[in-house]
Amino acid sequence: EDFYGFKRWGAGHFNVDETGLVTVHPLADARSVAIKDVIDEAADMGLKAPFVIRFQDLLRHRVEQLNKLFRKAIAEEDYEGRYRGVFPIKVNQLREVVEEIVDAGEQFDYGLEAGSKPELMIALAMHEGADRLIICNGYKDQDYIRIALLGRKLGKQIVLVVEQLSELDHIIELSQETGVEPLIGFRAKLLTRGEGKWATSTGDNAKFGLNTAEILFAAEKLEKAKLTHCLRLLHFHIGSQVPNILTIKNAVVEATRFYCQLVKMGFPMGLLDVGGGLGIDYDGSRTNFESSMNYSMAEYARDVVANVRDICTDMGIDVPDIVSESGRAVVAPHSLLVLEVFERINKRETLGRKQRPKRKHKVVRALETLAKNKSDLGRLERFHDAVQRKEEAFSLFNLGYLDLENRAAAESLYWQICEDIASENSETGYTPEELHELSAVLADQYVCNFSVFQSLLDHWALGQLFPVAPLHRLDEKPSVNAILVDITCDSDGKISTFIDLEDTKDHLKLHPLNGQPYFLGVFLTGAYQDIMGDLHNLFGRVNELHVFLEEDEENGFYIEETLPGSRIRDVVAGVQYQHTDLCRRVKQQIDAATKRDEIKPREGVRWLEFYEEMLETKTYLRVHPEPKGKK
Ligand code: PLP
C-alpha cells in the first residue's frame, strides 16, 4: 500500500521496501538506496539530522532526461533546429550541484543561465565548451555587461538579454568602447498570463521585459547603432511551476509570433528561449492545481517544439534553436530534507485528562450532559453546543465566576466531545467543513529539530506543499494524526498543510514515538529552498550529504562529501558578533562573579570552557546527547 503517495509524486524515484524503509531510485530503475542507511552511515560519521541529502545520480538523471526528451521531440516532429537548454543557477547555486549539471550536460551542450552579477561570475568560470550557451537575465549595470563582454572575448556564446531599454543603451556604449560585439536577446513581456503561485512574471505589470512598443524602439536603437546582426534571441518567462500545459502552449505561440516578426524585420535571430516554468508534480495529482501539473516533461517538450514549428511554418520562417531555462524540474527531485521528530505534544493527553472540581459549576454540568448524550443530537449540532458552552466558560472565568479547577474541567470536557465527534462516522457520508477542521485541531504536534524558515521557506512564504513521509517503519500502520512544528520561537514555524493523501490535507498520519529516533523526509526540496532560507532565531544551514551510487554493487552507495552545517560562531558572526569578543565579555563577568565569591575559580574556568565549546557546536538541538566523556 502506497500510503504516502510515493508512486504518485515520485516519478519512479521513490519506493518502500519490504522492511518498511523508503528507498530512492536515482536512475528510476531497480537500483536503490535506503535513506535510513544513509542516515545511519552519517551518524557513524558524527553527522545528525537535520540534514539535506543530495542524490547526485538523480540530478544527472534529470539533466539527461530533459535533454533526451527534447531531442526525442525534435526527432519525432521533424524539427530542423536543435535544443540548447541552460540551467538557471538561481534555482540551486551550490557548486557541487552546478558542477554535476555542467558535467552531465556536456554531451548535450547544456549551458547556464545567470540572473545577477554573482551568478554570472559563477557561470563564466564554470562554463565549458564553445557550443554551450550562457544566457544573462536580470537587471544589469555596466559591470554586469562588461563581464559578459569578457565572456565574448573568451569565445563564449554569451547572450545579454535586454530586460529594460536602458540596458540596451549601456550594451551599445560598452560594445563600442571595448570593441567587443555582443550577442543580444530581447525579453518579451507576453500578455499570456502564467498561472499558479508564480504567475506575476508576465502581463503588463511584470517587473521584467519589453512591451511591444519597447521592442520596436529597441530594434530601432540597434539599427541606428549598426548592431542589427547582434540580435540573436527572443526570451520570455511566464513564471515558475506553471500547472497548466495550455498556458505554456499559448505563451509559446505568442512568443514565436514575436520571434518571426523580428526575423521579418531583418534581424538574424536563431534562438527562441522559452524560459522556465516546467513544473514538478509535488502532490502527484496530475491536475492544474498549484502543487501539481497536468502534463509530463515529455508532453512539455513536444508541445514547445510542435508549437514553435507550426507558427514558423505558418509565417514562412526557418525554425530557431530552442532554449529552455528549466530549473525546478531539473533540480527539485534530487534532494530531500531529513528531520528528526524528538517530541510529541499530545493535547488530548493533557487537556483530555478528567478533572473533578470539588464543586461543579453549572456550565461544567451542561458540558457533562452534552458529553454523555451522544446519540440524541447530530454531530454538527453537538459541536455547536459544545463551542457555545466552552465560550461561556471562558467568559465566566474572565469575569471571575469560574475557578481554575472548573475551567480545566470545562476544557477537558470540550476536548472529549470534539474527539467523540471526530471519531464518529457521518450519518450522510458527508463531513461539513467545520468538522473537517476538527481533526486538524485535535492532531498532535510532532516537534522536529529544524527551522521552516531556514529549510522550507516557500512553505512558510507561499504555502508551497512538499510531500512529507516517515523514512522507516512503513511496515507498521501509522496511527497518530499529527502536524509538524519546528524549534523556532515562532508560531508560523510549522507544517500543517500537506499534500492530499487519503483525503487528509490538514494533518499527516504518523507512527507513535517509541523511544527510538524517528525520521521524516521532506521530498522534492532541491529547487530554491537551499538558498532562500533565512536565519530566523539564528538557526543556520543544516548538514549536507552528497550521495552517489556505488558502481559495482547492486544497492550500494557512498557518501562522497559532507558539508557540515553552520556552527553557532558562524551565525553570530553573520550579525557582527566576533566569538572572541563574546568570550572575552563572558570571561569578564565570570571573573567579577568569582571576585564576589559567587562562583569558585575552578567552576568559573569550567563555565567559560563550556561557553567556548558551545560556540563551536551546531545551531540545532542535540536531541540525543552523547554519553559523558564522548564528544
Ligand atoms: N528563467 C527565469 C528568467 C526565471 O526568472 C526563472 C525562475 O523563476 C527560471 C528561468 C527558472 O524557472 P523554473 O524553475 O520554473 O524552471
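Side notes on the structure shown:
- The H on the amide N of residue 557, modeled in the peptide plane, is under 5 Å from the matching H of 550, each at least 5 residues off or on a different chain.
- Cross-link reach list, lysines versus residue 595, counting only Cα pairs under 27 Å and skipping chain neighbours closer than eight places: 587
- Degrees, to the nearest 10: 95-104 long Cα axis against longest axis of the chain: 50
- FRET efficiency for residue 80 and residue 220, using Cβ-Cβ distance with R0 set to 30 Å, rounded to 0.05: 0.45
- Segment 544-631, dipole about Cα centre (Lys/Arg Cβ +1, Asp/Glu Cβ -1), debye to the nearest 20: 1280
- Cross-link partners for residue 509 among the lysines, with Cα-Cα distance under 19 Å and sequence neighbours closer than 8 places in the same chain left out: 7, 347, 477, 494.
- For the cross-link pairs 197/505; 90/207; 36/72; 358/390, the ones whose C-alpha atoms lie over 28 Å apart are 36/72.
- Cβ-Cβ distance of residue 394 and residue 28, R₀ of 60 Å, FRET efficiency by 1/(1 + (r/R0)^6): the value works out to about 0.60.
- Prolate/oblate/rounded call for segment 1-153, Cα gyration tensor, a/c under 1.5 rounded: oblate
- Cβ-placed point charges (K, R +1; D, E -1), dipole of the chain about Cα centre in debye, nearest 20: 2140
- On Cα atoms only, tilt of 165-178 relative to the major axis of the chain in degrees: 50
- Counted by neighbouring Cβ atoms within 10 Å, the residues 451, 292, 496, 175 run from fewest to most as 496, 175, 292, 451.
- Working from label points 7 Å from Cα in the Cα-to-Cβ sense, the residue 436 to residue 538 distance is 4.3 nm.
- Think of segment 348-438 as having a plus end and a minus end, set by charges on the Cβ of Lys, Arg, Asp and Glu; of 366, 430, 378, 366 sits farthest toward the positive end of this dipole.
- Note on the chain: Cα Rg divided by 2.2 N^0.38 Å, N the number of residues, gives 1.16.
- Ordered by the count of other Cβ atoms within 10 Å of each Cβ, fewest first, 396, 191 give 191, 396.
- 5 angstrom amide H check on residue 286, placed H, neighbours 5+ away: 293
- In degrees, nearest ten, helix 142-153 long axis to first principal axis of the chain (Cα): 60
- The label point for residue 588 and the one for residue 552, both projected 7 Å from the Cα toward the Cβ, are 6.3 nm apart.
- Whether segment 340-452 is rounded, prolate or oblate, judged on the alpha carbon gyration tensor where a/c under 1.5 counts as rounded: oblate
- For the chain, the relative contact order works out to 15 percent when only alpha carbon pairs closer than 8 Å and six or more residues apart are counted.
- Given charges at beta-carbon only (K, R positive; D, E negative), |dipole| of segment 569-615 in Debye: 160
- In the chain, excluding the sites themselves, the longest stretch lacking any of the GluC sites (Glu not before Pro) that are in a DSSP loop with at most 15 other Cβ atoms within 10 Å is 129-423.
Every read-out reported here was derived from the displayed coordinates using simple, explicitly stated rules and does not represent laboratory data. As the structure is a computational prediction, the values presented were derived from the model and not from experiment. When we count neighbours, we look across all protein chains shown, and the Cβ atoms used for this are built from the backbone with ideal geometry, even at glycine.
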